[in-house]
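The values are calculated or read from the model by the stated rules, or taken from the named source; none is laboratory data. Since the model is a prediction, treat every value here as computed from it, not as a measurement. Quick reminder, even Gly has a Cβ in these numbers, built from the backbone with ideal geometry, and neighbours come from all protein chains shown. Ligands, DNA and RNA are excluded from the accessible area calculation, which covers all protein heavy atoms including side chains. Shrake-Rupley method; radii C 1.70, N 1.55, O 1.52, S 1.80 Å.
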Amino acid sequence: MTEPNRERLRGTFTEDADLYDRIRPGYPPRMFDDLAELAGLAGPAAPHPGPRMLEIGCGTGQATLPLAARGFRITAVELGAELAAVARRKLVGFPRARVVVGAFEEWQLPAEPFDVVLAATSFHWIDPAVRVAKSADALRPGGTLATVSTHHVAGGSASFFARVQDCYERFDPATPPGLRLPSAADIPEDGGELAASGRFASARFRRYARELTYSTQEYLDLLRTYSGHRALPAAARDGLLECIGDLIDRRYGGTVTKRYLTQLRVARRGA
């Protein structure tokens with residue numbers, strides 16, 4: 001992804017923050033327990049009064065809130081002011097979690113380092129020339145960088161996701177012809193970027209698969225939160241959503257099931 005495209009697309013998420021918060025699926029609860037365990041922050045070994053975390057791109061706080069409830073002291077940096085406002089409302093009962101508005105690339109790191117840097121479905125939106133080195137700089141020696149990626153994989157209403165490509169090829173010219181979803185096994189465990197930096201030990205991974213069912217309206221609302229759909233010209237976007245909604249109603253009785261793979265990647269900073 002080129003830098004101008006990255007800047008343009010990542011700015012779309014804040015355009016309807018309440019919809020994003022309502023319809024995006026969040027994260028499996030077990031992932032947060034695994035993060036604390038892999039970071040060495042669970043149980044009696046956990047720092048008192050709670051581990052210090054820097055969260056990159058917290059969105060509406062879908063990962064921030066569960067971690068604040070687990071005792072983390074969190075500083076979250078969010079590019080979108082509207083997304084940050086939703087996150088602040090959700091975190092009002094957790095005074096040790098604060099949200100600041102800004103781009104991580106430009107945000108000045110505090111003098112005191114963090115125990116954990118977390119990027120939940122946001123690391124790929126950060127400038128590749130900055131994200132690994134600045135994350136390492138933010139951490140204490142032995143601190144943990146945790147990144148979470150979310151993938152739409154084969155499963156669920158499989159025939160729908162094959163048929164819906166006709167809608168995408170009709171209304172979105174960037175759609176590769178005959179595109180099909182990868183299997184969960186095809187999603188790589190990729191720690192190469194971290195290893196190449198020389199700043200982190202070998203990455204460890206945990207994976208979580210689940211299926212969620214959506215009504216026609218819920219699924220169309222979900223698509224309205226995706227940057228690629230929001231960036232389409234209005235006429236093309238409206239035509240695409242109408243085509244998809246008609247397919248769900250006519251062929252699938254008004255509901256479809258989507259399979260997600262959530263992948264947690266954890267690596268310790270070297271000395």
Which of the trypsin sites (Lys or Arg not before Pro) found in the range 158-209 are in a DSSP loop and have at most 14 neighbouring Cβ atoms, other than their own, within 10 Å? R180
In whole Hz and in residue order, list the ³J(HN,Hα) couplings for the range 77-85 that follow from phi through the Karplus curve 6.51 cos²θ - 1.76 cosθ + 1.60, θ = phi - 60°; x for Gly and Pro. 10, 10, 5, x, 5, 5, 4, 4, 5
Rounded, prolate or oblate: which fits the range 153-193, taking a ≥ b ≥ c as square roots of the Cα gyration tensor eigenvalues, rounded meaning a/c under 1.5, else prolate when a/b beats b/c? oblate
By the 4.7 Å beta carbon criterion, which cysteine residues of the chain come out unpaired? C58
Around L38: net Lys/Arg minus Asp/Glu count, Cβ-Cβ under 15 Å: +3
Where does each of H124, H151, H229 land when they are ordered by accessible area, with a 1.4 Å probe and the largest first? H124, H151, H229
Using each residue's phi in the range 62-75, evaluate 6.51 cos²θ - 1.76 cosθ + 1.60 at θ = phi - 60° and report the 3J(HN,Hα) Karplus result to the nearest Hz, with x for Gly and Pro. 5, 9, 4, 4, x, 6, 4, 5, 8, x, 6, 9, 10, 10
Considering only DSSP beta bridges whose two residues both sit in the chain, what percent are antiparallel, to the nearest 5? 55
Pick from A68, A133, A85 the residue whose mean-square fluctuation is largest in a GNM of the chain, springs joining Cα atoms under 10 Å. A133
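Calculate, in nm to one decimal, what T257 and F205 gain on full extension: separation in residues at 0.36 nm each, minus their alpha carbon distance.
Extending this stretch completely gives an extra 16.1 nm.
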Amide H contacts of A154 (H built 1.01 Å from N, under 5 Å, at least 5 apart or other chain): S183, A184
³J(HN,Hα), Karplus 6.51/-1.76/1.60, whole Hz, each residue of the range 246-253, x for Gly, Pro: 5, 5, 4, 5, 6, 9, 10, x
Rounded to the nearest 0.05, what FRET efficiency do R170 and A196 give with R0 = 45 Å and r taken as the Cβ-Cβ distance? Could you check? 0.65
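Please work out the average accessible area per residue across the chain, using the 1.4 Å probe convention, and give it in Å². Walk me through the numbers on the way to the answer.
Details: 12420 Å² over 271 residues.
For the chain, the solvent-accessible area averages 46 Å² per residue.
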Return, for the Cα atoms of the range 166-256, the radius of gyration and Dmax in Å, separated by a comma. 17.8, 54
Quick check on the chain: helices-only [θ] at 222 nm, where DSSP H runs of length 4 and up contribute -39,500 (n - 2.57) each and the sum goes over total residues. Nearest 500, please. -10000 deg cm²/dmol
Sites A154 and E242, calculated FRET efficiency, Cβ-Cβ separation with R0 22 Å, nearest 0.05: 0.30
Expressed as a percent, the accessible surface of the chain that is carbon or sulfur, using a 1.4 Å probe and the full set of protein chains, is 52
